[in-house]
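K.L.:
Submitted below is the structure of interest, expressed as structure tokens.
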Amino acid sequence: YSYAGVASWTKKILPATPINEMKTIVFLLNLGRMHWKYFAIFMNLKIIQVFDSGGSGGGQTLQDMYRWLHSTMEIQGKTLKPAEWRLYCCCHDTPRQRDHDCGLYAIMFAMCVLKRLPLPLITRRRVKASWVILLCHLIGL
């Protein structure tokens, strides 16, 4: 874990809104160009959670997410109380998909999390429809 490394790209992608004023922050992580998992930081609930359909979890990365958040808040003059925060791995509630659907599932789940919608909205049928929409977009229809 390197705070400077993470901070260099989070400054580019996170808006000027201070972290403590955000409700939810989502990070997507690609593993070896083979698998996607995503992490959500629920600021008002004091929860950092990984969603992984592969079931491998994200223990160290969850801890690194907390370290990044803690360091960022300290820089902004805010203090996090570690005892108030929870780190969760959601590996079994995330539906399995075909290997090539993993990234699309991750994006759709991240959108549900950001909008605080129920995760069961993401179905195989919706993923298939999303592939069609994406393909139409790519070919200019």
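K.L.:
Ordering Thr17, Thr24 by how much accessible area each has at a 1.4 Å probe, largest first, what is the list?
P.N.:
Details: Thr17 60, Thr24 20 Å².
Order by accessible area, largest first: Thr17, Thr24.
K.L.:
Let me ask something else. State the percentage of accessible surface on the chain attributable to carbon and sulfur atoms; use a 1.4 Å probe and exclude ligands, DNA and RNA. Please report the intermediate quantities before stating the final value.
P.N.:
On the way: 5320 of 8910 Å².
Carbon with sulfur: 60 percent of the solvent-accessible area.
K.L.:
As an exercise, use a Förster radius of 30 Å and the Cβ-Cβ distance of Thr79 and Cys112 to find the FRET efficiency, rounded to the nearest 0.05.
P.N.:
Details: r = 31 Å, r/R0 = 1.03.
Result of the calculation: an efficiency of 0.45.
K.L.:
Now a separate question. Return the long-range amide H neighbours of Met43 (sequence gap of 5 or more, or a different chain), with a cut-off of under 5 Å between placed amide H atoms.
P.N.:
Residues meeting the criterion, in which the H sits 1.01 Å from N, are Thr24, Ile25.
K.L.:
Given the rule -39500 (n - 2.57) for each run of at least 4 DSSP H residues, summed and divided by the residues of the chain, what is its mean residue ellipticity at 222 nm, to the nearest 500 deg cm²/dmol?
P.N.:
On the way: 4 runs with 57 residues, N = 141.
One gets -13000 deg cm²/dmol as the mean residue ellipticity at 222 nm.
K.L.:
Follow-up. Using a Gaussian network model of the chain with C-alpha springs under 10 Å, which one of Gln63, Gln49, Gln76 is most mobile by mean-square fluctuation?
P.N.:
For the chain, modelled as a Gaussian network with Cα springs under 10 Å, the answer is Gln76.
K.L.:
Continuing with the same structure: Calculate, for the chain, the solvent-accessible area per residue in square angstrom, rolling a 1.4 angstrom probe over the heavy atoms of the protein chains. Could the numbers behind the result be given before it?
P.N.:
Values: 8910 Å² over 141 residues.
That works out to 63 Å² per residue.
K.L.:
Ranked by accessible surface with a 1.4 Å probe, highest first, in what order do Asp64, Asp101 come? Write out the running numbers ahead of the final one.
P.N.:
Details: Asp64 35, Asp101 5 Å².
Heavy-atom accessible area, descending, gives Asp64, Asp101.
K.L.:
Anything over 28 Å Cα to Cα? Flag those among Lys12/Lys128; Lys78/Lys115; Lys11/Lys128, in the order listed. Could the numbers behind the result be given before it?
P.N.:
On the way: Lys12/Lys128 32 Å; Lys78/Lys115 26 Å; Lys11/Lys128 34 Å.
Beyond 28 Å: Lys12/Lys128; Lys11/Lys128.
The values are calculated or read from the model by the stated rules, or taken from the named source; none is laboratory data. The structure presented is a predicted model; accordingly, all values stated were derived computationally and were not measured. Using ideal geometry, Cβ is built from the backbone for each residue, glycine included, and neighbour counts are taken over all protein chains shown. Each accessible area value is taken on the protein alone, full model and side chains, heavy atoms only, with ligands, DNA and RNA left out. Shrake-Rupley method; radii C 1.70, N 1.55, O 1.52, S 1.80 Å.
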